[in-house]
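Colleague: Encoded as structure tokens, here's the structure I'll be asking about.
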Amino acid sequence: MAHALPHEGVAYEHFRPAGPFASLPLPGNRSSLVWTERTADAPRFLAMDDATLAAEIEAVMGSTLGTVTVDDKLMGFPLRRQMARAFIAPRLALVGDAAHVVHPIAGQGLNLGLKDVAALAEVVIETVRLGLDLGSDEVLARYQNWRRLDTMGMAVMTDGLNRLFSNDVAPVRALRDFGLGLVDRAGPVKAALIRTAAGIAPSGPKLLSGLPL
């Protein structure tokens with residue numbers, strides 16, 4: 001979508017009972033949109049004309065990006081949480097969406113994919129330096145063991161966050177807002193959560209911490 005005001009490179013995410021509604025910055029005054037709706041309501045939005053869609057978007061986002069123009073076709077996809085039974089097979093390793101699909105809340109699907117690639121690259125390079133077979137079962141198992149637990153944890157967390165933020169019950173909403181306020185004011189805690197989500201941790205791949213392999 002195009003919009004009158006610049007996004008300044010900032011992504012915006014609104015949490016609604018139907019699920020997250022997020023704008024992700026693109027070059028120029030354009031953003032992509034991640035719009036979550038209930039299954040029963042999705043066909044109605046997919047059938048809307050561009051002007052009506054723009055009005056719906058502005059109703060959620062307010063004046064954040066100014067007047068909105070829909071300049072691409074709205075596409076609908078069912079949301080599922082899926083994980084491959086194994087991330088590896090003989091001389092094969094799965095990464096990103098080929099290995100796992102999580103709820104698109106806070107962009108964690110992309111982060112998981114980046115961590116997969118960085119971890120696999122690290123395992124492969126270390127194996128080559130040792131002069132070993134980089135496609136051996138033992139080497140691939142090291143990649144799978146490294147990534148599978150983290151991926152499962154993030155899948156459960158994103159599903160839980162979606163349920164929490166989609167809950168419109170007043171007491172739950174009040175506790176949620178209170179907790180978010182505490183985290184936002186606790187600088188070190190907030191920074192640690194951001195680093196963990198991005199894979200920047202002592203146990204994470206070196207590439208994501210800016211370290212050479």
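Please treat every number below as a calculation from the coordinates, not as lab data. Just so you know, these numbers come straight off a predicted model, no measurement behind them. Backbone-built Cβ (ideal geometry, glycine too); neighbour counts: all protein chains shown.
Colleague: Express in % the proportion of alpha carbon pairs of region 1-69 at distances exceeding 18 Å.
Modeller: 34
Colleague: Quickly rank 113-125, 65-77 as a protection proxy: mean count of other C-beta atoms within 10 Å, highest first.
Modeller: 113-125, 65-77
Colleague: Given the C-alpha centroids of region 109-162 and region 14-66, what is the distance between them in whole angstrom?
Modeller: Using only Cα atoms, the two centres lie 33 Å from each other.
Colleague: Order of 29-37, 41-49 by packing, highest average Cβ count within 10 Å first?
Modeller: Packing order, densest peptide first, comes out as 29-37, 41-49.
Colleague: Provide Rg and Dmax in Å for region 81-175, with only Cα atoms included in the calculation.
Modeller: Gyration radius and largest Cα-Cα distance of region 81-175: 16.7, 60 Å.
Colleague: Quick one: Debye curve from the C-alpha atoms of region 56-111, no solvent, what's log10 I(q)/I(0) at q = 0.13, 0.19, 0.24, 0.26 Å⁻¹?
Modeller: At q = 0.13, 0.19, 0.24, 0.26 Å⁻¹ the computed log10 ratios are -0.57, -0.85, -1.03, -1.07.
Colleague: Turning to a different aspect of this structure: Of 62, 28, 78, which is farthest towards the positive pole of region 19-94's charge dipole, taken about the Cα centre with +1 and -1 on the beta-carbons of Lys, Arg and Asp, Glu respectively?
Modeller: Comparing the listed Cα positions along the dipole, 78 ranks first.
Colleague: Expressed as an acute angle from 0 to 90° and rounded to the nearest 10, what is the orientation of the C-alpha long axis of helix 108-129 relative to the principal long axis of the chain?
Modeller: 20
Colleague: For region 1-158, what ratio Rg/Rh do Cα atoms give with a Kirkwood hydrodynamic radius?
Modeller: Radius of gyration relative to Kirkwood radius: 1.10.
Colleague: Mind pulling the angle between the C-alpha long axis of helix 50-61 and the longest principal axis of the chain? Nearest 10 degrees, somewhere in 0 to 90.
Modeller: 80
Colleague: Report the calculated FRET efficiency for residue 29 and residue 60 (r = Cβ-Cβ distance, R0 = 25 Å), to the nearest 0.05.
Modeller: 0.85
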